[in-house]
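Engineer: Pasting in a structure now, in structure tokens, and then I'll have a few things to ask.
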Amino acid sequence: ELAGKVGENIAIKRVAYVSGEFGYYLHSDYKQFAAVELTGAGDKAAAIGKDLSMHVVFAKPACMTREQVDPELVKKEMEIAQDRLKNDPKNSKKPPEILAKIAQGQLDKFYSQIVLPDQPYYRENAKSVAQHLKEQGGDIGVKRFVYIKVGG
């Protein structure tokens with residue numbers, strides 16, 4: 001009915017069901033939404049969940065854990081880091097074990113861009129989302145998150 005009124009095709013592409021301890025955030029543009037299911041948050045779940053949902057809308061993580069990242073993507077990122085180090089004249093005299101540690105550090109930086117607990121917390125970049133949750137007290141964990149964007 002609405003499609004006929006506005007003259008645009010309207011289709012529901014994605015639906016998410018969340019329950020238990022969770023919080024959510026609908027961005028002011030009404031085009032982005034996130035919900036975060038928590039464990040161990042108790043009566044603070046709505047506030048912590050909303051705050052983390054805001055982070056999800058801002059940072060757009062792709063995965064909950066490092067293990068969920070596609071192994072092929074991880075392999076490709078490690079190869080890129082190693083190639084970059086080999087072609088850098090500053091690193092030519094460093095031993096292989098040092099180069100391996102530098103490459104691992106670059107891979108950790110890659111994880112911090114796409115894995116929710118590893119991402120810099122949006123309100124305080126000096127700490128990660130995992131560190132922020134630890135500071136909230138108790139044993140609060142993120143069970144899962146959902147990010148939905150209109151048209152995406």
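Engineer: Going toward the positive end of the dipole of the chain, with +1 on Lys and Arg Cβ and -1 on Asp and Glu Cβ, which of Ala103, Ala62, Val6 do you reach last?
Structural biologist: Of Ala103, Ala62, Val6, it is Ala103.
Engineer: For a quick check of your reading of the filter: which trypsin sites (Lys or Arg not before Pro) in the range 1-33 sit in a DSSP loop and have no more than 14 other Cβ atoms within 10 Å?
Structural biologist: Those satisfying the criteria are Lys13, Arg14, Lys31.
Engineer: Work out, step by step, the length gained on full extension between Tyr30 and Val15: first 0.36 nm times the residue separation, then minus their alpha carbon distance; give nm to one decimal.
Structural biologist: 3.8 nm
Engineer: Within the range 59-152, which trypsin sites (Lys or Arg not before Pro) sit in a loop by DSSP and count at most 13 neighbouring Cβ atoms inside 10 Å?
Structural biologist: The qualifying sites are Lys93, Arg123.
Engineer: Here is a follow-up. When all protein chains stay in place, what accessible area (Å², nearest 10, 1.4 Å probe) is found for Val15?
Structural biologist: Val15 has an accessible surface of roughly 120 Å² with all protein chains in place.
Engineer: Measuring from a point 7 Å past the Cα of Val6 along Cα-to-C-beta, which residues in the range 39-70 have an amide N at less than 19 Å?
Structural biologist: Taking a point 7 Å out along Cα→Cβ of Val6, no residue of the range 39-70 has its backbone N under 19 Å.
Engineer: Mind grabbing the accessible area of His55 for me, 1.4 Å probe, Å², rounded to tens?
Structural biologist: My reading of the accessible area for His55 is about 0 Å².
Engineer: For Lys13, give me every one of the lysines with a C-alpha distance below 25 angstrom, ignoring sequence neighbours fewer than eight places off in its own chain.
Structural biologist: List returned: Lys5, Lys31, Lys50, Lys60, Lys143, Lys149.
Engineer: Now for a separate question. So what's the angle, to the nearest 10 degrees on a 0 to 90 scale, between helix 71-86 and the longest Cα principal axis of the chain?
Structural biologist: Taking the Cα atoms of the chain, the angle to 71-86 is about 40 degrees.
Engineer: In addition: log10 I(q)/I(0), Debye, Cα-only the chain, no solvent, q = 0.12, 0.13, 0.18 Å⁻¹?
Structural biologist: -0.65, -0.73, -1.05
The values are calculated or read from the model by the stated rules, or taken from the named source; none is laboratory data. Predicted model, so just to flag it, every value in this text is computed and none were measured. We place every Cβ from the backbone using ideal geometry, glycine too, and count neighbours over all the protein chains shown. In case anyone asks, the SASA skips ligands and DNA or RNA and just uses the protein heavy atoms, side chains included. Shrake-Rupley method; radii C 1.70, N 1.55, O 1.52, S 1.80 Å.
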